[in-house]
Each structure stands twice: as structure tokens, then as C-alpha cells.
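Participant: Before I ask anything, here is the structure I am working with.
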Amino acid sequence: VNDRTISVLLFSDLHASKITRRGHNSPSYFEVGVAPRAGEPTPVQSLLGLTKANELQSDPLAADFLVCCGDLTHQAEADGFDAAWKFLHQVKKLTGARQIIATAGNHDVDSRSKSNPSPVDFIKSIKPPFPIQSTRQFEKYWSRNFFLQETEEVRFLVLNTTTTHGVGREHEWGRITDQTLREIREVLARSKPKRINICVCHHHPHRHSEIGLGDYDDIRGGQLFLDLLSEPSNAPWLILHGHKHHPRLSYAQGNARSPVVFSAGSFSARLYPALQARVRNQFYRLNFSISDIARLGTMVGTFESWAWYEASGWQRAPTATGLPDRGGFGYRDIISLAKRFSILPRGKIIGWEKLITRIPELVYLTPDDLGCLFHMLKGEGYSITTEPGQNRPAQLVRK
Ligand SMILES: [Fe+2]
């Protein structure tokens, strides 16, 4: 059995910007055209340091693919877009990634015609070509609004949710039109599922009502898209998106094979006041074990998170900063898993590392489902100790 691991480094919402105001009022920590302030790390320098010096962890930030979910720049700034696109190519080189999988965000298209009557003239003229070098796929992206990018084990569906921006108030939300949905359906019907099936888009396909900001900017047509990906003939999908700057991991509304929806936090935008108190800037690496996917018969994966600290740079993220520093997705059957705990010896303390060797599926539960499972087990008399700031239990005793 192939025990290869496929890793995806995930960035979103860089909002790179040429600073126009003095002080700390720029829209992003990714400031273009100014020297970094002495003694203050920048997300770019700190990230490049991580890939080179490998200070925080035992294995380097290697990845097979580099995904960027859009908003490379802020309010369609040409210099910001150019700097962010160059930065992504630099990261690709340093991490050994085979390919950049990117898509446009609402800030990348000039929907208010600042510099050109066409919202997309600039972004279509950038070099190297955005979002992809291949002329065939480039043309599909800008004409059909999506394309498939496939390797032996991975199939990416790259989707542009900004295609109606520039028309009326469309720039205020994402959109998948009925015609695009029809075309995606046709293309998927002819395409063979892979072990790993990942859709990359900018806007969120379902709402984040819990932020309490009057959430109206999700993809119009998003639920129809989720329903399409959940159809029995389709493979299980993972959707990677940005836009909200609000990290969140959940399953989509729908059936038991509805997509995993991974909302990436922002890499470097200064966060809106409503978000500042609850999340930080983050980036991620997703890891897929081909042999575990084959064994469990569904797409499972784990993620690692890094969180941004203005004084110290990127750190492994403790729980209260968005997504926890480690977690998983794809394994949904917590009822059967709870029953499996009866294989543990009674009265013996067992730590998390030992526990996951006995019940390895645990690493593929989402942080929310892990919480549900341990709540159930506590109700059945298991004693579970959690350390502050950790979403994984430190130890467990079966009574
Ligand atoms: Fe956005």
C-alpha cells in the first residue's frame, strides 16, 4: 500500500498593500514599498524564516501544493497584487511545492473600475499568468469560471466566485451562476474522482452567522454548489476558501458525504475590530495519508495551524486563535468510535499519543466532533483531563 503523504500549504487573504498612511493603519501587515520597522517581524519575513531556518518544529514546511484562496491584494492595487504573487512563487520554491493553486478574491478584481473599465484586465495581464501558467486552463478560468487541475492522487477544482463583480452590487458577495453550475456538473460527470478532491474558491459557500456582522456576502448559489458536490455519484470533496478572515472548519449542510468546508483565516490583513478579539491571522498545512484514505474509504486529513503574533511572528496556534494548532477532518462516525473505547484497559491512565495509536481515526475528527465525542464518553463514566489551551485531551481513564 502506498503510504505517501500529500501536503498542502494554505494561505488566504494576504491583502498586500502599498502603505498610504503612517503608523499602523495600513490594511495589511504585508506592506509593499516600505522598509520593515526595526524590531517588528513581518508575516512575509517570518514565514520565509520558518521555511529556511525551521526553528519551530522538527520537520520543515515542505508541501506538495501551495493554495491561495484569493485577496492577494487590497482594493485592486497593482503593486500589492504583484508583490503577493511574487511572494507566493518564492514560497513555492522554498517549500518544494510542485504547483500554486490560486483563485481570485473580490479585492483582486477592479470592480469599481479604478484604473480600467474592465475589472479583470489587470489581473489577466500579470506575469507569471494568474491563476495558472497553462494557457488552456488560464482560458478556462477566465471564460468558464473554473477548471480542473489533476495529478495522480489529487484533483483540484479551481473556481472563480468573483465573475459577476463590476455588475451592480455584485461585488458585495460571491456568485456561482446557474450556467457555471451546469458546466461544473458536466465536467465532473466526465472526470474520474481521485483520492483527494479539493475545491479552491474565495467566498464562503455557507454563512458564518456566528460572527454577528450581518452575514450576506456568501456565494449566491453556494448551497446549490454544495448539493451538487454531495450527489451520490461525486467523490467526497474538501472546499478551501477565504474571504471572511474567520477560521472555521465544518461539514456543509446536506447528506453524510457533504463537503468538508475549511474557512482559512487571513494570512496578513489587519483584522476587523469584531474579529480581533476572537481570532488571529493564520496559515495552515493540510496533510493527507494516501494509505489512510484507502483504508477508511473516504477522504480524511489533518491540519496544522500557525498564528500571527505582532511581536514574535508565526507561532504554532494555541486553541483560542481560530483553528487549533492541530486537528483533522473527514471521519464522521463518532458513535462507532465511542464504542471502540471499550478496547482500553480499565483503570489505566492513557495519554493522547498512546490513545491515537489504539484508535487512529481520532486524528481525523474535526475539533468540534472531538469535543462531542469526549462529552459523550464523560457521560459514560470516562474520566478525561484537558490541559488549558489544548483541544485534545491530555489523558483519559476508562472506569
Ligand atoms: Fe475577500
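The values are calculated or read from the model by the stated rules, or taken from the named source; none is laboratory data. Given the structure is predicted, the values throughout are model-derived calculations rather than measurements. Positions of Cβ are generated from backbone atoms using ideal geometry, with glycine treated the same way; all protein chains shown enter the neighbour counts. The protein model used for the area step is the full one, side chains on, heavy atoms only, and it has no ligands, DNA or RNA in it. Shrake-Rupley method; radii C 1.70, N 1.55, O 1.52, S 1.80 Å.
Participant: For LYS399, go through the aspartates and glutamates and keep the ones whose alpha-carbon is under 16 Å away, minus same-chain ones fewer than eight residues off.
Facilitator: GLU380
Participant: Using only Cα atoms, tell me the angle between helix 78-95 and the longest principal axis of the chain; keep it within 0 to 90° and round to the nearest 10.
Facilitator: 40 degrees
Participant: With each pseudo-label sitting 7 Å past Cα toward Cβ, what's the ARG169-THR151 distance in nm, one decimal?
Facilitator: If labels sit at ARG169 and THR151, their model points lie 4.3 nm apart.
Participant: Which order, highest average first, do 71-79, 328-336 follow once you tally other Cβ atoms within 10 Å for each residue and take the mean per peptide? Write down the numbers at each step before the final one.
Facilitator: Values: 71-79: 22.7, 328-336: 17.9.
Averaged packing, sorted descending, gives the order 71-79, 328-336.
Participant: Placing +1 at every Lys and Arg Cβ and -1 at every Asp and Glu Cβ, with all other atoms neutral, what dipole size does the chain have around its Cα centre, in debye to the nearest 20?
Facilitator: It works out to roughly 720 debye.
Participant: Between their Cα atoms, which of LYS86/LYS127; LYS354/LYS378; LYS127/LYS244; LYS18/LYS93 are more than 21 Å away from each other?
Facilitator: Result: LYS127/LYS244; LYS18/LYS93 exceed 21 Å.
Participant: Give me the 1.4 Å probe accessible area per residue for region 89-131, excluding ligands and nucleic acids, in Å². Walk me through the numbers before you get to the answer.
Facilitator: On the way: 2070 Å² over 43 residues.
Heavy-atom accessible area per residue stands at 48 Å².
Participant: Just to confirm the number: angle between the C-alpha axis of helix 367-379 and the first principal axis of the chain, 0 to 90 degrees, nearest 10?
Facilitator: 20 degrees
Participant: Using a probe of 1.4 angstrom, how much of the accessible area of region 348-390 is carbon and sulfur, in percent?
Facilitator: Roughly 53 percent of what the probe reaches on region 348-390 is carbon or sulfur.
Participant: Antiparallel as a % of all DSSP beta bridges within region 135-287, to the nearest 5?
Facilitator: Values: 9 of 23 bridges.
If I count the DSSP bridges inside region 135-287, around 40 percent turn out antiparallel.
Participant: Could you size up the charge dipole of region 318-399 around its Cα centre, putting +1 on the beta carbon of Lys and Arg and -1 on that of Asp and Glu, and report it in debye to the nearest 20?
Facilitator: Values: 12 positive and 8 negative charges, 95 e Å.
That gives a dipole near 460 debye.
Participant: A follow-up question, please. Per residue, how many Å² of accessible area does region 314-366 show with a 1.4 Å probe?
Facilitator: 47 Å²
Participant: In the chain, what % of DSSP beta bridges are antiparallel (nearest 5)?
Facilitator: 60 percent
Participant: Put a dot 7 Å past each Cα toward the Cβ at ILE126 and ALA78; how far apart are the dots in nm?
Facilitator: 1.4 nm
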